[in-house]
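*Asks:* I have a structure I would like to understand better, so I am pasting it below and will then ask my questions one at a time.
The values are calculated or read from the model by the stated rules, or taken from the named source; none is laboratory data. A quick note: this is a predicted structure, and the numbers were derived from the prediction, not measured. Here the Cβ positions follow ideal geometry from the backbone for every residue, glycine too, while neighbour counts run over all protein chains shown.
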């Protein structure tokens, strides 16, 4: 069944989180960054984060720039909207080694590992993913249906 309700559009920048009850198409572009899309299978709501680095180590601000903070904060936002963790599923994207220096430091791979470990720790299953590789991705997440549209993006 297709909803007659119009979808809002939202572009999610790096180091950001978005979750809403309003049906939204959330878009972002990823290289070595990772995006976690959470979908509540009961409420039919969703949210997404976009993080750049795996771990906040206690120095500076604890922001959504870091995977361990971004994932926890996205879960909190979903729970604030009425979601229960047992109804959440995750779709995870990104983690390419496509930027100068990213493969040297393994940023993409480390971002993937933190996403997988954090979600497992919170008991949220990953039901779909497109991770790693050498090229970036553009994703569009429909928070009403949970569907994610993916397009690979080549480096210029």
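*Asks:* Go through region 63-80 residue by residue and tally those that are touching a helix residue (DSSP H, G or I) at 6+ places or on another chain (Cβ under 9 Å), farther than 25 Å from residue 142 by Cβ and outside any strand (DSSP E or B).
*Replies:* Total meeting the criteria: 2.
*Asks:* Okay, next question. Name every residue in region 134-153 that is in contact with a strand residue (DSSP E or B) (Cβ under 8 Å, 6 or more places away or on another chain), more than 16 Å from residue 50 (Cα to Cα) and in a loop (DSSP other than H, G, I, E, B), in order of residue number.
*Replies:* Of everything in region 134-153, those that are in contact with a strand residue (DSSP E or B) (Cβ under 8 Å, 6 or more places away or on another chain), more than 16 Å from residue 50 (Cα to Cα) and in a loop (DSSP other than H, G, I, E, B) turn out to be 135, 144, 146, 147.
*Asks:* Do the conditions hold for residue 60, that is, is it assigned to a loop (DSSP other than H, G, I, E, B) and either modelled with pLDDT of 95 or more or surrounded by fewer than 19 Cβ atoms within 10 Å (Cβ to Cβ) (or both)?
*Replies:* For residue 60, the condition - assigned to a loop (DSSP other than H, G, I, E, B) and either modelled with pLDDT of 95 or more or surrounded by fewer than 19 Cβ atoms within 10 Å (Cβ to Cβ) (or both) - is met.
*Asks:* What about residue 53, is it closer than 22 Å to residue 149 by Cβ, buried (at least 19 other Cβ atoms within 10 Å of the Cβ) and touching a residue at least 12 places away in the same chain (Cβ under 8 Å)?
*Replies:* So residue 53 does not fit the description; no.
*Asks:* Now for a different question. Of everything in region 29-52, what is farther than 19 Å from residue 140 by Cβ and within 13 Å of the chain's Cα centre (by Cα)? Give them in sequence order.
*Replies:* Once the filter is applied, which keeps residues that are farther than 19 Å from residue 140 by Cβ and within 13 Å of the chain's Cα centre (by Cα), region 29-52 yields 32, 52.
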